[in-house]
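The values are calculated or read from the model by the stated rules, or taken from the named source; none is laboratory data. Given the structure is predicted, the values throughout are model-derived calculations rather than measurements. Neighbour counts are summed over all protein chains in view; Cβ atoms, including those assigned to glycine, are modelled from backbone coordinates with ideal geometry.
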Amino acid sequence: MDQTLLKLHRLGFSEYEAKAYIALLKYSPVTGYELSKNSGVPRSMIYQTLQRLIDKGAALPIMGQPIKYIPTSAQELLGRLRDNYNALVEELDEKLAQLSQAVDYSYFWNLKGYNAIIDKTKQLIADTKESLYLSVCKEELVHLETQLLELHQRGCKIEILCRGEADLPLPNIYPAPQRSDEERNLGRWLTVISDLNVVLISEGLQDKDCIAVWTQNASLITISLRYIKYEMFIAQKFNQLPS
């Protein structure tokens with residue numbers, strides 16, 4: 001199944017429905033017999049498939065002898081599907097919020113794998129409402145540029161401690177102080193504090209099986225914030241020293 005068919009399947013189309021709709025976009029108006037030949041949908045299933053497409057608003061019959069069929073334009077169909085999806089999500093958001101019990105996020109939650117860690121960091125940045133403290137290496141910073149620039153445009157406070165050159169048009173970016181040999185052995189690190197309410201900490205990001213922990217534990221948030229601010233203070237003092 002090619003990627004277009006797979007994506008239509010994810011939107012609720014069966015394999016036959018997806019094949020028939022794509023064929024309608026390419027060849028129309030067509031009879032059911034012609035559509036069966038063009039799409040690969042068996043003749044025994046084509047009219048049942050067409051009726052389901054009509055029910056979905058993806059196809060229209062043209063009355064005549066014989067009856068022919070045309071597709072709803074892709075733009076119109078996707079717009080309707082998008083509206084339906086958004087309405088469903090909003091309804092579920094309200095219903096599930098009524099059912100959900102408060103989750104205690106002061107527990108420690110583990111993440112494993114580079115992509116999972118970066119994705120969670122992007123989410124924390126996107127969810128930030130007021131302030132963000134970020135201790136990061138340049139290799140990870142490039143993956144977070146879009147979210148950071150959007151956060152800056154929203155007027156949130158951002159302070160970044162970066163190891164390596166940070167090529168971002170943002171204020172309050174501090175070069176990380178030189179690390180000891182022991183610290184360098186830990187590899188690349190990442191600490192994110194969002195709204196002084198949640199922290200994510202990771203080290204060894206150069207490794208395939210890197211791990212991270214995130215939590216709303218107030219003590220760890222305080223310790224992490226003090227560490228980042230101390231490193232920023234050292235960076236400022238170092239830059240003020242005469243060469």
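Side notes on the structure shown:
Matching residues to (1) modelled with pLDDT of 95 or more; (2) in contact with a strand residue (DSSP E or B) (Cβ under 9 Å, 6 or more places away or on another chain):
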site: 165; (1), (2): no, yes
site: 170; (1), (2): no, yes
site: 184; (1), (2): no, no
site: 188; (1), (2): no, yes
site: 198; (1), (2): yes, yes
site: 213; (1), (2): yes, yes
site: 218; (1), (2): no, no
site: 227; (1), (2): no, yes
site: 231; (1), (2): no, yes
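- When region 107-126 is filtered for residues that are among the β-branched types (Val, Ile, Thr) and under 14 Å from residue 189 (Cβ atoms), the ones remaining, listed by number, are 117, 118, 121.
- Count of region 37-90 residues which are touching a helix residue (DSSP H, G or I) at 6+ places or on another chain (Cβ under 9 Å), assigned to a strand (DSSP E or B) and among the aliphatic types (A, V, I, L, M): 3
- Remark: pairs (first residue in region 1-20, under 17 Å from residue 77 (Cα atoms); second residue buried (at least 16 other Cβ atoms within 10 Å of the Cβ) and of a type in the set (Asp, Glu); Cβ separation under 8 Å; 6+ apart in sequence or on different chains) = 8/17.
- Of the candidates 8, 35, 25, the single residue that is of a type in the set (A, V, I, L, M), in the same structural domain as residue 67 (by TED's automatic domain parsing) and in contact with a Pro (Cβ under 9 Å, 6 or more places away or on another chain) is 25.
- Test set (1) surrounded by fewer than 19 Cβ atoms within 10 Å (Cβ to Cβ); (2) without any contact (Cβ under 8 Å) to a residue 24 or more places away in the chain; (3) β-branched (Val, Ile, Thr) - residue 70 fails condition number: (2)
- Scope region 93-110; condition modelled with pLDDT of 90 or more and in a helix (DSSP H, G or I); matching residues: none
- Per-region count, region 6-24, residues hydrophobic (A, V, I, L, M, F, W, C), crowded, with 16+ Cβ neighbours inside 10 Å and part of a helix (DSSP H, G or I): 6
- Matching option when the condition is under 17 Å from residue 188 (Cβ atoms) and in the same structural domain as residue 116 (by TED's automatic domain parsing), among 138, 129, 157: 138
- Answer from 173, 228, 223 - the residue that is surrounded by 16 or more Cβ atoms within 10 Å (Cβ to Cβ) and free of Cβ contacts under 8 Å to residues at least 40 places away in the same chain: 173
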